[in-house]
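Quick notes on the structure that follows.
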Amino acid sequence: MKGESSSVRSGARMSGEDRRLQILRVAVDLFSRKGFRGTTTKEIAEQASVSEAIIFRHFATKRDLYSAIIDYKAAESAELILKTLKNAARRKDDRAVFQGLATDILKIHDQDPTLFRLLLYSGLECHELSAMLFERYAKKVRAFLERYIRQRMADGTFRRIDPKIATHAFFSMISYHALAANLFRSLLPHGNCADVADAFASIFLKGISRL
């Protein structure tokens, strides 16, 4: 129709998958800026130029939308992290395991601040999204690292320590740095993700290695 905007015309031609992805992107942006309590489906619909009925056609419940957001933000990253871990673990390359894991996590937080904001809002609002993310992806990575530490203890390379606590300690180092990097960026030591990860891996491995 003459005079119709290009965005509306292109929106009308969107496939179902493209429309679903557009709604996801708008929802992620709004949730990361206004929180879960501060965002309504009406706002998401207005920003995506669709009706609320269209949103619920793609996401029958809010939980379905949150689940899709987790997959959209974390699925690929989690698979890449596990691939890095598995390759290094097969070689029993301790430095590659811990440095690679730390680098991947720090890069995710550095390159995708919306994920960091979503997790903060989730924690502050006691929202289920962070728990869903942990159960679906983070738990798998932690379990893998815990098994690796236990195996390296059996090999005699790592000293005897609770693998679960050791795993938590390592993730705590990385997670706190990612948090501080977002909140107090100007106050932290300068360095790219790989350099910071290398330093953390060195500190951690010196603490648990028997040699």
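No lab work stands behind these numbers, since they all come straight from the coordinates. The model shown is predicted, which means the values in this text are computed figures rather than measured ones. Virtual Cβ from ideal backbone geometry, glycine too; neighbours counted across all protein chains shown.
Structure above, values below:
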item	result
Positive-pole candidate from Ser175, Ile81, Ala53, dipole of the chain, charges at beta carbon	Ile81
Rounded to the nearest 20 debye, dipole of the chain from Cβ charges on Lys, Arg, Asp, Glu	560
Nearest 10 degrees, 0 to 90: helix 76-90 Cα axis against the chain principal axis	20
Theoretical gain in end-to-end length, Ala143 to Arg57 [0.36 nm per residue, Cα-Cα removed]	27.4 nm
Summed residue charge, Cβ within 13 Å of Ala197's Cβ, Lys/Arg positive, Asp/Glu negative	-2
Candidate aspartates and glutamates for bridging to Lys42, where Cα separation is under 15 Å - those fewer than 8 sequence places away on the same chain excluded	Asp29, Glu52
Label selected from (1) 1.12; (2) 1.02; (3) 1.24, the criterion being Cα Rg over 2.2 N^0.38 Å as computed here	(3)
Pairs from Lys140/Lys206; Lys164/Lys206; Lys34/Lys140; Lys73/Lys140; Lys62/Lys139 whose Cα-Cα separation, in the structure shown, is over 20 Å	Lys140/Lys206; Lys34/Lys140; Lys62/Lys139
The range 72-208, relative contact order [Cα under 8 Å, separation at least 6], %	34
Packing-based ranking, highest mean first, of 95-107, 161-173 given that Cβ atoms within 10 Å are counted	95-107, 161-173
FRET efficiency estimate (nearest 0.05) - Cβ-Cβ, Glu128 to Thr41, R0 25 angstrom	0.90
Projected label distance in nm at Lys83 and Asp64, using a 7 Å step from Cα toward the beta-carbon	3.0
Cβ-defined net charge surrounding Ile55, 14 Å radius [Lys, Arg +1; Asp, Glu -1]	+3
